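Asks: First the structure, which I've put down as structure tokens, then a few questions once you've had a look.
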Amino acid sequence: MNYINTKDTSEVVSFKEATIKGLGNNKGLFVPERIPQLPESFFQEIEQKSDLEIAMEVMLPFVEGSLSKDELQAILEQTISFTLPVKEIRENVSVLELFHGPTQAFKDIGAKFMAGCLSAFQQDKKVTVLVATSGDTGSAVANGFYEVDGVEVKVLFPKGKVSAYQEKQMTGLGKNITAIEVDGVFDDCQALVKQAFSDDELNKKLNLSSANSINVARFLPQMLYYFVAYKQVKSTLNGRPWWVSVPSGNFGNLTAGLIAQKMGLPVAKFIAANNANDTFYQYQQTGEYVPKVSVATYSNAMDVGAPSNFERVQWLFNNDLSELSKSLVSDSYSDEATLAKIKSEKELSDYLLDPHGAVGLMALEAKKPEQAYGTFLATAHPQKFESVVKKALPDFPIEKVDLSNCQKLEMKNDYAEFKRLLLS
Ligand SMILES: *Cc1c(COP(=O)(O)O)cnc(C)c1O
């Protein structure tokens with residue numbers, strides 16, 4: 001399979017090159033040159049297949065030419081080390097829980113898969129992965145890349161802006177993972193990383209790579225979620241339309257779902273569930289795409305004002321809004337509504353939502369036709385966002401997180417200092 005750069009279609013690369021490079025020329029994103037179709041028998045027999053077998057069939061065409069079948073199998077065995085259960089919370093509404101991995105949010109699968117790929121693609125020169133994070137990406141990448149030979153990871157997180165859980169997951173590992181606490185906000189961390197990527201001197205000395213969802217190896221394996229969910233709901237669906245709601249920030253997870261749908265997965269409609277960062281929702285209402293500066297919300301992993309995978313969504317539907325709207329609707333919710341939903345859902349069904357899942361469920365209930373069957377994605381464990389959950393449910397216990405054996409470097413928001421640190 002080859003990958004094409006959306007901004008420069010003359011740049012055609014293999015899966016291996018796309019993974020190592022991350023971003024294409026002119027900051028374009030890589031997209032697969034075609035979308036393979038799964039045979040009908042795959043869906044007829046899906047209930048008999050293990051998650052690993054499903055992942056093998058889905059991913060093999062996307063890595064062809066770069067990874068052998070055995071290499072893919074070995075990477076996927078490492079990646080799929082936990083369950084992805086669907087639970088019904090009431091009639092016609094279920095939740096796909098994606099938080100049973102090591103860092104309790106859905107990015108564990110993508111991070112681990114990408115780490116496995118980089119390890120298989122070992123080069124002479126060590127790779128330095130830079131990650132700016134508001135919390136979840138950093139913890140998943142730190143965990144996924146821990147002790148991977150030939151890869152050094154530098155995670156930049158904003159001081160005082162991540163939960164104790166997230167901090168422990170980033171600072172508790174050591175070895176090839178360096179956690180850097182920046183005296184600034186998430187945007188400052190992001191700016192430092194971007195400046196490093198465009199620093200010629202640094203790029204001559206270091207082999208820099210990025211591990212957010214612009215990377216094909218990070219977002220593509222997330223297709224698995226939707227196939228594994230279908231396996232579990234198929235008999236309940238019994239031919240009814242299936243609606244799937246995805247709490248979205250950079251739209252990497254949703255893009256994976258849309259590709260799964262194009263491969264033949266019978267999703268009637270996806271719902272892009274947004275918080276106050278509603279750039280995509282506004283685009284769908286008005287036809288005009290106006291990126292904004294992000295605003296801080298309780299569902300902070302979705303605080304993105306210019307979703308980086310918007311370009312891939314556009315490519316999937318040939319820049320045609322009316323085509324896109326046949327597969328995808330969107331909705332947006334405030335922090336007040338999010339807290340109210342966490343509280344009311346606990347009372348109604350005893351199900352404990354995290355703020356991202358709460359946005360997903362609200363959007364599902366607002367958009368799904370009554371007779372259709374709906375599934376929303378719970379993208380993080382409520383414990384990971386305990387201070388928000390506690391605002392809605394004052395009795396929610398806050399567990400004490402022990403940070404005593406953790407290590408971090410502390411840094412001012414200063415590029416010269418960051419560069420010295422990278423070169424030391
Ligand atoms: C990253 C993240 C999201 C947003 O996912 P995208 O792929 O960026 O749209 C939603 N919820 C949680 C908990 C996350 O960590």
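Every number in this text was worked out from the coordinates using simple rules, so none of it is lab data. Quantities reported herein were computed from a predicted structural model and do not represent experimental measurements. Every residue, glycine among them, receives a Cβ derived from its backbone with ideal geometry; neighbour counts consider all protein chains shown.
Asks: Rounded to the nearest 0.05, what FRET efficiency do ASP395 and SER10 have when you use their Cβ-Cβ distance and R0 = 41 Å?
Replies: Calculated value: 0.10.
Asks: Ignoring everything except DSSP H segments at least 4 long, calculate the 222 nm mean residue ellipticity for the chain; use -39,500 (n - 2.57) per segment, divide by total residues, nearest 500.
Replies: Rounded to the nearest 500, it is -12500 deg cm²/dmol.
Asks: Now a separate question. Through the Karplus equation 6.51 cos²θ - 1.76 cosθ + 1.60, θ set to phi - 60°, convert the phi angles of segment 228-237 into ³J(HN,Hα) values in whole Hz; use x for Gly and Pro.
Replies: 3J(HN,Hα) across segment 228-237, in whole Hz: 5, 5, 4, 3, 7, 9, 3, 5, 5, 4.
Asks: In what sequence do LYS412, LYS16 fall when counting other Cβ within 10 Å, fewest first?
Replies: Ordered from fewest to most neighbouring Cβ atoms within 10 Å, LYS412, LYS16 come out as LYS412, LYS16.
Asks: OK, next. Which whole-number percentage describes the relative contact order of the chain, with Cα contacts under 8 Å and a sequence gap of 6 or more?
Replies: Dividing the mean separation by the residue count of the chain yields 18 percent.
Asks: For LYS49 and ARG34 in one chain, what is 0.36 nm times their gap in residues minus the Cα-Cα distance, to one decimal in nm?
Replies: 2.9 nm
Asks: Going 7 Å from the Cα of GLN123 in the Cα-to-Cβ direction, what parts of segment 196-237 have a backbone nitrogen less than 17 Å from that spot?
Replies: Output list for this probe position: 196-212, 215-218.
Asks: Through the Karplus equation 6.51 cos²θ - 1.76 cosθ + 1.60, θ set to phi - 60°, convert the phi angles of segment 247-253 into ³J(HN,Hα) values in whole Hz; use x for Gly and Pro.
Replies: x, 10, x, 8, 6, x, 5
Asks: Provide, in order from the shortest bin, the percent of all Cα-Cα pairs of the chain in each 20 Å bin, continuing until the bin that contains the maximum pair distance.
Replies: For the chain, the pair-distance distribution reads 27, 61, 12, 0.
Asks: Something else now. I'd like the FRET efficiency for SER198 and GLN314, computed as 1/(1 + (r/R0)^6) with the beta carbon distance as r and R0 of 25 Å, rounded to 0.05.
Replies: For SER198 and GLN314, the calculated efficiency is 0.50.
Asks: For LYS262 paired with GLU365, estimate the spin-label separation in nm (one decimal), with each label point 7 Å from Cα along the Cα-to-Cβ line.
Replies: Distance between label points: 3.4 nm.
Asks: Also, quick follow-up: Show me 374-383, 290-299, 57-66 ranked by packing, highest mean number of other Cβ atoms within 10 Å first.
Replies: 374-383, 57-66, 290-299
Asks: Note the full-extension length gain between ARG90 and LEU403 as 0.36 nm times their separation in residues minus their Cα-Cα distance, in nm to one decimal.
Replies: 108.8 nm
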